[in-house]
1. Of Ile255, Pro169, Phe33, which is farthest along the charge dipole of the chain in the positive direction, counting Lys and Arg as +1 and Asp and Glu as -1 at C-beta?
2. Tabulate in residue order the Karplus-calculated ³J(HN,Hα) for region 4-16, using 6.51 cos²θ - 1.76 cosθ + 1.60 with θ = phi - 60°, rounded to whole Hz; enter x for Gly and Pro.
3. How far, in nm, would the chain grow between Ala299 and Phe86 when pulled straight, counting 0.36 nm per residue and subtracting the alpha carbon separation?
4. Would you list which aspartates and glutamates come within 16 Å of Lys137, measuring only between C-alpha atoms, while excluding same-chain residues fewer than 8 positions from it?
5. Based on the Cβ-Cβ distance of Thr36 and Ala240, what FRET efficiency does E = 1/(1 + (r/R0)^6) give at R0 = 35 Å, to the nearest 0.05?
6. Show that you can apply the helix-only estimate: for the chain, add -39,500 (n - 2.57) for every DSSP H stretch of four or more residues, divide by all residues, and state [θ] at 222 nm to the nearest 500.
7. If you roll a 1.4 Å probe over the heavy atoms of the protein chains, what accessible area per residue do you get for the chain, in Å²?
8. Please find the FRET efficiency linking Asn159 to Val209, where r is the Cβ-Cβ separation and R0 is fixed at 30 Å, and quote it to the nearest 0.05.
Amino acid sequence: IANGGSLTEVWEGTVVTIENVDVTNPDLGFGEFEVTGGVRVDDMFFLPAGGPKPPMGTTLTLTGPVMYNFGNFKLAPRGCDDFVGFECEGGNTTDTDTETTGPMAAVTIYDIQQGMVPPMQVVTVENVIVTSPLTFKGDGFFVQDPQGGEYSGIYVYINQNPDMLAVQPGDVVTINGLYNEFYDMSQITAGQAGDVVVTGTDAVPSPIVLDPADIATGGMMSENYESVLVSVENVTVATAADQYGEWTVDGDLFISDLFFTTDEWPQPMPGDTFSSLTGPLIYNFENFKLAPRTVEDLAP
């Protein structure tokens, strides 16, 4: 069931067990490790940074569904009961080190983004403006405090909740959900009916024009503008789209296809220029990226 294995497609989505395998690489990145036969083990069911990390050479019996993402087949244990041969904590909602806490008084996005709210806290954020459509997967959107500026944006993960699929840019919403750091990107999980309430409409805040190097990975303003609507102007494509559809412009700033299907996403070549690129600044797979929301955000 490893990549290239004869049974990967046969058992995709099915719960299987592999017995008496040894850890051959304890850190493949993104919370994954490898065992005998080249099988990748994924932390899909564990809270971020909470997945088990057995050391090199540990002998295990592992159970979980076979899954496929980012070009790899993987085994995804569902909790610590699926790890035999290694003690861990976590999986699903049982991680004792990351228990959720009860609701607190209404907070602002600024409070969250500047570290005044602990992760795994149930929060209420009132009267913020939706700044993006749903991602191409339909699993979330971005909101921003109407005053804008640094630390004013955050991602709202809805897990394709059908009650929220009608949310549009310009909607003013009050959000009740769980704040957490998903692989170091702040988000509010609001996946239940009534977690997002539309209270009105308003103009989407104007994007803030910034130097691409300042908001690229390692840039001095990248954390400040995470999830905020920004623009970069008069930029040149530096690298063509990689296997994930991402390309870079001046300042090593990644441009993400978060809101586009493969068929819709442009494939510019090095040397092509844009008068402006606009979208929320996101963080995933250890890089900050600008994510245009529509073709209008890509101005040639």
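The values are calculated or read from the model by the stated rules, or taken from the named source; none is laboratory data. Here the structure is a predicted model, which is why all the values come from computation and not from measurement. Heads up, the Cβs are rebuilt from the backbone with ideal geometry, glycines too, and the neighbour counts pull from every protein chain shown. When the accessible area is computed, the model is the full protein with side chains, heavy atoms only, and any ligands, DNA or RNA have been set aside. Shrake-Rupley method; radii C 1.70, N 1.55, O 1.52, S 1.80 Å.
1. It is Pro169.
2. Coupling constants for region 4-16: x, x, 6, 10, 4, 5, 5, 9, 4, x, 9, 6, 10 Hz.
3. Result: 71.4 nm gained on full extension.
4. Partners within reach: Asp163, Asp257, Asp263, Glu264.
5. For R0 = 35 Å, the calculated efficiency reads 0.40.
6. The helix contribution divided over the chain gives -500 deg cm²/dmol.
7. Using a 1.4 Å probe on heavy atoms only, each residue of the chain averages 47 Å².
8. 0.35
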